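The values are calculated or read from the model by the stated rules, or taken from the named source; none is laboratory data. Predicted model only: the values in this text are computed from it and were never measured. For neighbour counting, all protein chains shown are included, and Cβ atoms are generated from backbone atoms with ideal geometry for every residue, glycine included.
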Amino acid sequence: MSPQALSNSERQSLLQRIAELESQCRGEKRKVRKLEEEKQVFFRNLTAVFNQDQLASLTRVSNRGSKWSEETIKKALQLHFSCGSTGYTNLLDQKQPLPSSRTLRRRVEGIKFNPGILDEVFSLLETKVSGLKSQEKCCILMIDEMAIQQRLEYDPSTSSVRGYATLPVPGKQSKALATHGLVFMLCGISTRWKQVVAYHYTGDSFSGVDAGQVTVDIISKCHRIGLNVLAITTDMGPGNRSMWQ
């Protein structure tokens, strides 16, 4: 039927229908634009919370055999450190896209814990401290010495030989084999938590000046991340006595 064959009422009815469809089309386009904007916000928020490998894991039935990025491993270690084994297991039970505890244990085996202050541990500790109450941030620094067997071992993680004293031995110019390990550990006062933050290999004695400087550096790092060191405890070995002089 040609347009000329339409009556005026039919033509008006058709034009009205066209206008309604055009209005409906504009409304649908607005909905599409709104959905696109919501989609962009959704993915922007997702990427602010999850790394790309975590997003990919959400599409899989199982994460067994998944390869996790260094960023995700670091995030998972911080969560594990903050909420403990039980809390981290609860996150995994909720199907959070995170590496398994076994994967974290394997990855931690490759961390290079060189003698001295453990900066990587302080990075993890900072995350834990951020969730503590004021009184829970009060702690003591324990310095303890323990006997070890005299021998040299190759450390493949750092491509170095372990077994020499890393704090100077008074009266000896050359490298001396270590006979003791000096461990620096933080312990909570109002709540039960503890963490080794530094260690050194020592001989039968060590420089109190150098050990004192390590202690000062540890306290400075503690204050920087919000911990309040209220006391220091040591035994009365010769090295520790010289540190207090």
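A few remarks follow.
- Complete set of residues in region 186-195 that are out of contact with any Phe, Trp or Tyr (no Cβ under 9 Å at 6 or more places or on another chain) and either assigned to a strand (DSSP E or B) or not β-branched (V, I, T) (or both): G188, S190, R192, W193, K194
- S82 vs. criteria outside any helix (DSSP H, G or I) and of a type outside the set (K, R): no
- Yes/no for V196 being within 20 Å of T179 (Cα to Cα) and among the hydrophobic types (A, V, I, L, M, F, W, C): yes
- Some residue of region 12-35 being within 30 Å of Q94 (Cα to Cα) and in a helix (DSSP H, G or I): yes
- Yes/no for W193 being of a type outside the set (V, I, T) and within 23 Å of S123 (Cβ to Cβ): yes
- The residues in region 205-216 that are under 15 Å from M185 (Cβ atoms) and under 25 Å from the mean Cα position of the chain (by Cα) can be counted, and the count is 2.
- Failed item in (1) in a loop (DSSP other than H, G, I, E, B); (2) touching a residue at least 60 places away in the same chain (Cβ under 8 Å), with A198 passing the rest: (1)
For (1) farther than 28 Å from E136 by Cβ; (2) under 22 Å from the mean Cα position of the chain (by Cα); (3) modelled with pLDDT under 85, each residue gets a yes or a no:
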residue	(1), (2), (3)
M1	yes, no, yes
E10	yes, no, yes
R17	yes, no, no
L35	yes, no, no
N51	yes, yes, no
S62	yes, no, yes
S69	yes, yes, no
C83	no, yes, yes
P97	yes, yes, no
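- Every test in (1) under 21 Å from the mean Cα position of the chain (by Cα); (2) at pLDDT below 90; (3) of a type in the set (K, R) is passed by R224 save one, and that test is (2).
- Hey, S69 within 30 Å of R107 (Cα to Cα), touching a helix residue (DSSP H, G or I) at 6+ places or on another chain (Cβ under 9 Å) and not hydrophobic (A, V, I, L, M, F, W, C) or not: yes
- Identity of the residue in region 1-45, more than 30 Å from S66 (Cβ to Cβ) and basic (K, R), that ends up surrounded by the most Cβ atoms within 10 Å (Cβ to Cβ): R11
- Members of region 46-60 found to be surrounded by 14 or more Cβ atoms within 10 Å (Cβ to Cβ), free of Cβ contacts under 8 Å to residues at least 40 places away in the same chain and among the small types (G, A, S), listed by number: A56
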